[in-house]
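Asker: First the structure, which I've put down as structure tokens, then a few questions once you've had a look.
What follows draws every value from the coordinates through simple rules; no lab data is involved. In this text, all values refer to a predicted model and were calculated from it rather than measured experimentally. When we count neighbours, we look across all protein chains shown, and the Cβ atoms used for this are built from the backbone with ideal geometry, even at glycine.
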Amino acid sequence: MIDLLVKVKRTGLASRVAFDLVDLGVPLSGDEVKALEKVMVQLCVDGKIQEARNMVKKVLVLNSEVSSLVFDEIAFGYCEKRDFKDLLSFFVEVKCAPSVTAANRVVNSLCSSYGVERAGLFLQELESLGFSPDEVTYGILIGWSCREGKTRNALSCLSVMLLKSFVPHVYTYNALISGLFKLGMLDHARDIVDEMIEWGYCLIFRLSESLLRAIVSLGGLMK
């Protein structure tokens, strides 16, 4: 029944039936959990994040797992509302971290809305819940750090990346080199270019045109 209600977009009725089901307090079958997950996802699509959150908590009392898709949809919903405080409290409450795709979207949105420093603190909270950043996560922090003129923070993120054996994306290197040029840190820029060559990047085709002009104008920066 719940599946049918979701299919015909009767989300309100589907939600009421779903809550009635979980309020019975009996263990849920696999099919019932899948049906409830569809309701939770649809609630998120409709912007009813709090209802989806409440249902997740009720389902977790009866069953140990809920699909990561549901957690991600809740994360996307809070992200669109820029309600990062409630988003973090949700993950702390359910003792779960979002997928790397969802987390990266949240981190980027946080950087855009409140700056890279706050995004970094949020990331630390996620890591305490078991989240593992990837090269894209650090690339986001590096890019926004350079945009905000916090190049030393960007270099610190790069060091962490390399310690974890992540290979930085070319756009990450572009952001770093641009930020270093703006600060006149030419020796550091030379080191980054040398590192790119070591990784096998083809500078002529990969670097942005503006950065290539800057490198060439300095003569001797590239070996």
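Asker: Using 20 Å as the Cα-Cα cut-off, could you pick out the over-long pairs in K48/K85; K95/K164; K57/K85; K34/K58; K150/K182?
Answerer: The pairs that break the limit, which is 20 Å between Cα atoms, are K95/K164.
Asker: With label points built 7 Å along Cα→Cβ from the Cα atoms of Q124 and R152, find their separation and express it in nm.
Answerer: Placing both labels 7 Å along Cα→Cβ, they lie 1.7 nm apart.
Asker: Give me C157, C111 sorted ascending by neighbouring Cβ count inside 10 Å, so fewest comes first.
Answerer: Listing C157, C111 from fewest to most nearby Cβ atoms yields C111, C157.
Asker: What nm distance separates the two modelled labels at D31 and R82, each placed 7 Å from Cα along Cα→Cβ?
Answerer: 4.6
Asker: How far apart, in nm, are the 7 Å Cα→Cβ label points at V45 and Y114?
Answerer: 3.0
Asker: So if R0 is 22 Å, what FRET efficiency would S89 and D23 give, r being the distance between their Cβ atoms, rounded to the nearest 0.05? Present the calculation step by step, with values, prior to reporting the outcome.
Answerer: Working: r = 23 Å, r/R0 = 1.06.
The formula returns an efficiency of 0.40 here.
Asker: Could I ask something else about it? Divide the volume of the convex hull of the Cα atoms of region 67-133 by its number of residues and quote the answer in cubic angstrom per residue.
Answerer: Residue-normalised Cα hull volume stands at 69 Å³.
Asker: Please express the Cα-Cα pair-distance distribution P(r) of region 115-185 as a list of whole percents, one per 10 Å bin, running from 0 to the bin with the greatest distance.
Answerer: 22, 54, 22, 2
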